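These notes are about the structure you will find just below.
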Amino acid sequence: MRLNKEKGVTLIALVVTIVILIILAAVSINMVLGDQGIFKKAQTAANSMYEAEVNTQASFNSITEEMEKVLGNEEIKPEGMTVVEMFKKAKEEGCDGTNCQNRAEHLHPGDYVNYTNPSSGTYVSSGTKTGMKRALQEEFSDITDEQSEQVFEVSNETKWRVLGIEEREGEEHLVLIGSPIKKNEMALSVEEEKPSFAIDPFYYLYSAESYLNCEEELDNICSIYANNLADEARSARIEDISLACGVKVEGANITHVEDGTAVEGAQSLVGQSYTLKQGEDYNIDGIISRTPVSEDTVVEGTAYMFPYASTYINDRVKDMLFAGTESDTGFSKSYWLASPGVYIYSSDAGWGPGAVSGGYAGSGGNFCSSNGSGSDDGLAVRPVVSLKSNISQNQLQRIEDQTEPTFPENPNFS
Ligand SMILES: [Zn+2]
């Protein structure tokens, strides 16, 4: 009886055990394979990981894109109106920007724009090209090439403003002008102290070299400001100033584009001539080699100048081109123009670079004379960029008024 009883209990325990095992198996299978199961969760985790990686990559891509835009490396596709169309629309609608009602579709002369300065760039102007070496040798002994070099580097301080439109190869291009740029301190060290021209920011040109090389050297200095929006970066020249001032020069006639009348106070040496006397006078090359002309030689005048005060420019253009170029600021921002010209006087001929200073813009300047005398001068340099013809409003935007670099009074005028 006792045995039978024990056997019965054992059978029930077995059945219970089997049932429990079945339940456990079902639970386990569900945990592994069910909707909340391990496989499902592993799959979800894998998907999430993949999504996170994709998102991280996308974030990196957009950061890189933004950085490239800031650094000016990325080619942004043109969209919307071109900047040339915006400039022409403002002009057609008679808007000079002082009280603009259509800012989204206008660009005006004098507007600041977000043209990006390149991250780096250097130009070394040799003392042989500028005449600096010859000038220094007349004053100091043992001047090396390096000591007479003037070096320019891209500065982030340089601000850009709309100058006007020029036509090149049948297409119209927006032209921008940069604020005056400074040279680095010169390596020159004589005696104890450096002379002021070695420390000041002005670019020095001397005698015949200033006429012969100003165009090439000023253009080379300014070429460091080219970026991917521009076809070229070069120095400002008299044609740029005339364009912005609405002045037209044809032969000896200097007139207003608007009404064709003569610009009051303008001077033109075009068409005048002077005869260099054999054995007494120098031509431009003879000044450097100290060789007088071997026979009488006629020199034709090419220089001209006009006072901005008698042009029809508005205050914004006046501020852009002439602020800091007169005596009230010590001629601190008077600047060179890459426009060599020949002056004719009653007693001699003179050669030199162009400049904006003292209320005038002009080509040529009397930096060396047919009588053999020469002079030097230091002025600021102004870069100009001519944009590609298809640049549009999403690639170049107007920005609010900027603070331009300051310049000391120019010691050459004191
Ligand atoms: Zn406007």
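Computed from the coordinates by the stated procedures, all read-outs in this text should not be read as laboratory data. All of these numbers come straight from a predicted model, not from anything done at the bench. All Cβ positions, even for glycine, are placed from backbone atoms using ideal geometry, and neighbour counts span all protein chains on display.
Worth pointing out:
- Projected label distance in nm at Ser346 and Glu400, using a 7 Å step from Cα toward the beta-carbon: 5.8
- Shape category assigned to segment 83-413 from the gyration tensor of Cα positions, a/c cut at 1.5: oblate
- Among the listed pairs Lys91/Lys183; Lys248/Lys333; Lys133/Lys388; Lys77/Lys182, a Cα-Cα separation exceeding 30 Å is found for Lys91/Lys183; Lys133/Lys388; Lys77/Lys182.
- 3J(HN,Hα) along segment 265-280, derived from phi through the Karplus expression 6.51 cos²θ - 1.76 cosθ + 1.60 where θ = phi - 60°, amounts to x, 6, 10, 10, 9, 5, x, 8, 9, 9, 9, 5, 8, 3, x, 10 Hz, with x in place of Gly and Pro.
- Positive contributions from Lys and Arg (+1) and negative ones from Asp and Glu (-1), summed over other residues with Cβ under 10 Å from the Cβ of Asp281, come out at -2.
- With a cut-off of 18 Å on the backbone N, the residues of segment 362-396 near the modelled label site 7 Å out from Ser310 along Cα-Cβ are 362-363.
- Zone residues, segment 191-232, relative to Thr297, backbone N less than 17 Å from point 7 Å out along Cα-to-Cβ: 208-213
- Here segment 153-189 and segment 292-334 have alpha carbon centers that stand 18 Å from each other.
- Each Lys or Arg adds one and each Asp or Glu subtracts one; over the other residues with Cβ under 10 Å from the Cβ of Tyr206, this totals -2.
- Antiparallel bridges, percent of DSSP beta bridges restricted to segment 250-315 (to nearest 5): 100
- Compared with the alpha-carbon gap, the fully stretched path from Asp145 to Gln101 is longer by 10.3 nm at 0.36 nm per residue.
- Cα shape, segment 290-414, gyration tensor, a/c 1.5 rule: prolate
- Cβ-derived FRET efficiency at R0 60 Å, Lys77 paired with Ser273, nearest 0.05: 0.65
- For Ile254, distant residues with modelled amide H under 5 Å away: Val263
- Stretching the chain fully between Lys318 and Ser289 yields a gain of 6.3 nm (0.36 nm per residue, less the alpha carbon separation).
- Our coupling estimate for segment 354-371, obtained by passing each phi through the Karplus curve with A = 6.51, B = -1.76, C = 1.60 and θ = phi - 60°, is x, 6, 10, 6, x, x, 10, 10, x, 8, x, x, 7, 9, 8, 10, 4, 7 Hz, Gly and Pro reported as x.
- Spacing of the two label points (7 Å from each Cα toward its C-beta) at Gln137 and Ile199, in nm: 2.8
- Maximal additional length on extending the Thr329-Val124 stretch stands at 70.9 nm, based on 0.36 nm per residue less the C-alpha distance.
- Taking amide H positions as modeled 1.01 Å from N, with prolines and chain starts lacking one, the residues under 5 Å from Asp231 and 5 or more places away or on another chain are Ser386, Leu387, Lys388.
- Charge context of Lys89, other residues only, Cβ under 12 angstrom, K/R +1, D/E -1: -1
- Residues in segment 370-397 reached by a label modelled at Glu166 [backbone nitrogen below 20 Å; 7 Å Cα→Cβ]: 380-392, 396
- Segments 96-109, 328-341, 169-182 sorted - mean Cβ within 10 Å per residue, highest first: 328-341, 169-182, 96-109
- Segment 77-220: C-alpha gyration tensor shape, a/c 1.5 cut-off, then a/b vs b/c: prolate
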